[in-house]
1. So, in the stretch 297-339, how many residues would count as being of a type outside the set (A, V, I, L, M, F, W, C), over 28 Å from residue 504 (Cα atoms) and touching a Leu at 6+ places or on another chain (Cβ under 9 Å)?
2. Suppose the filter is of a type in the set (Phe, Trp, Tyr), outside any loop (DSSP other than H, G, I, E, B) and on the phi < 0 side of the Ramachandran plot; does residue 89 pass it?
3. Of all residues in the stretch 254-295, which are in contact with a Pro (Cβ under 8 Å, 6 or more places away or on another chain) and either in a loop (DSSP other than H, G, I, E, B) or more than 19 Å from residue 477 (Cβ to Cβ) (or both)?
4. Among what's in the stretch 291-310 and is more than 11 Å from the chain's Cα centre (by Cα) and charged (D, E, K, R), pick the residue that is surrounded by the fewest Cβ atoms within 10 Å (Cβ to Cβ).
5. Go through 364, 357 for me and flag whichever is outside the structural domain of residue 517 (by TED's automatic domain parsing), surrounded by fewer than 17 Cβ atoms within 10 Å (Cβ to Cβ) and either part of a loop (DSSP other than H, G, I, E, B) or not acidic (Asp, Glu) (or both).
6. Hey, any hits in the stretch 469-481 for a residue that's over 21 Å from the mean Cα position of the chain (by Cα) and either within 30 Å of residue 268 (Cα to Cα) or not assigned by TED's automatic domain parsing to the domain that holds residue 361 (or both)?
7. Being among the acidic types (Asp, Glu) and more than 17 Å from residue 267 (Cα to Cα) is the filter here, so list the residues in the stretch 293-343 that pass it.
8. For residues that are surrounded by 15 or more Cβ atoms within 10 Å (Cβ to Cβ) and in a helix (DSSP H, G or I), tally how many sit in the stretch 311-331.
Amino acid sequence: MNDIEPRDFIRKIIYDDLESGKHAEIVTRFPPEPNGYLHVGHVMAICLDFGVAAETGGRTFLRLDDTNPGKESPEFVEAIKDDVHWLGFDWEDRLTHASDYFDRLYESAIQLVEQGVAYVDSLSAEEIREHRGTLTESGRNSPYRDRSVEENLDLFRRMYAGEFGDGEHVLRAKIDMASPNMNMRDPAIYRIRHIPHQNAGDKWCIYPMYDYAHGMSDAYEGITHSLCTLEFEDHRPLYDWFLDQLQPEHRPRQIEFSRLNLAYTITSKRKLKALVDEGVVSGWNDPRMPTISGMRRRGYPPAALREFVKRAGVTKKDKLIEMGALETCVRDVLGETAPRRMAVLRPLKIVLTNYPEGQVELMEAMNHPGNPDFGTRELPFSRELWIEQDDFMEDAPRKFFRLKPGGEVRLRFGYIIRCDEAIKNDDGEVVELRCSYDPDTRSGTGTSDRKVKGTIHWASCAHAVDASVRLYDRLFTDANPNAAEDFHKVLNPGSLEIVAAKLEPSLASVDEAVQFERLGYFCRDSADDTVSTHVFNRIVTLRDSWAKLEKQAMQQQG
């Protein structure tokens, strides 16, 4: 490993372990709970868990930590698998579940009882909370803490047999109710839940707690490095306590790193579920959601997300990263890979009064101005065209170089035109422009040396494709909505605008992300079948219009 320079402190630990011979192979795991969809915060963990193993010739397990059947579902399981694959990672034959080890976990719990370090508690959940104490006050022992090993074994086996109702008993570790670490104050190991399990079916009515199942599953799978986010740092002593008591063949090492927190987003599954359940968004894959499926539907390339977490880095300090940093990665990838097309989002009709009626010309257009390998395409040009409403201004300032009365612009890949007349409706709104074109100024012909300062995009009225285009923006107006007293109050009312657009004909069959020239990057919506027209999502604008505002907000956040 001497020829590899570690990028972060975790890789430094791992490479040192290989160099010293402590481990011959690195084995990691990505262990999501299937109680919701994965989000942008998970991208860091996925890339780290799979990345360090791949870099060192190791292996990674995708393990579903399915210990809470009341909140889990096959839908979430399949979504997790889809998201990990889409990001570019493959667990091969190493898809596992915590529930795969329920028998072993139960036998290990029996061992803890036999060792006298676990007991069945008959306090109610509320009474257990009262006995637990506070951060400044020690807890109190349960009156059932000194039950005999024989009584505990009998009660626990009867819990397994289904003799008791939910909450009637709980198996707890016997550690220290006076510990300054609240996680060590006799934490629960098993609770009774008469609920079918999405993977194990109806076999079980007792389920292991996450802190117990998580560490022992790592041990069963031979995980060398259990990589967790910082909120699990206080859980590490408990993780190690179970390993100390049970002495499994393999002993993993837990290492914590900072969460990836993205500005203007929330990553609490509870809050994300509320957005879905309340109809604030259309679902877990709504393109405004910070879920991986939402970002995929919006059109973010997986390479951009991988580059984003690489630039963010793996650290021990929590940080709030600007949304602009992610969007820059998206632009960097799409700028190289996305072909160019023309689309008019807010159409204004122009009529070229001196262009022959019925005539259609095919204009040659570059598919990517920076890469000739993308080739060219043909655009139909006719007497009646669509342009953007914003590309005309009746009372234009001096430095407005688009269309204005008496002014001239070049139509991209077309001709120079002059605005001769603006037609208005009864409300005084401009609804049509009468223009004239200079036939000697066709792009690429070299028959005229006339130049104008402005160039605008267009679409032929007779050939344009109708589309519904969704303009997505940040879901929240506050850089840190998690800190808001009520995150509903900082929802962005302008997070979605839908416009009826006119597209060049080639966009009728496009199946990849494209740049709408001068407007941004867009892709065909992959999930919406509720409308008959073509549906496109804006992936990201060409420039960061939030940059100044976001910088100020981030400074206020410290």
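The values are calculated or read from the model by the stated rules, or taken from the named source; none is laboratory data. No experiment lies behind these values; they were computed from the predicted model shown. Here the Cβ positions follow ideal geometry from the backbone for every residue, glycine too, while neighbour counts run over all protein chains shown.
1. Count: 6.
2. no
3. Result: 264, 265, 266, 267, 295.
4. If we take residues in the stretch 291-310 being more than 11 Å from the chain's Cα centre (by Cα) and charged (D, E, K, R), then 310 is surrounded by the fewest Cβ atoms within 10 Å (Cβ to Cβ).
5. Only one candidate qualifies: 357.
6. The answer is yes; a qualifying residue exists.
7. The answer is 307, 327, 332, 336.
8. Qualifying residue count, the stretch 311-331: 10.
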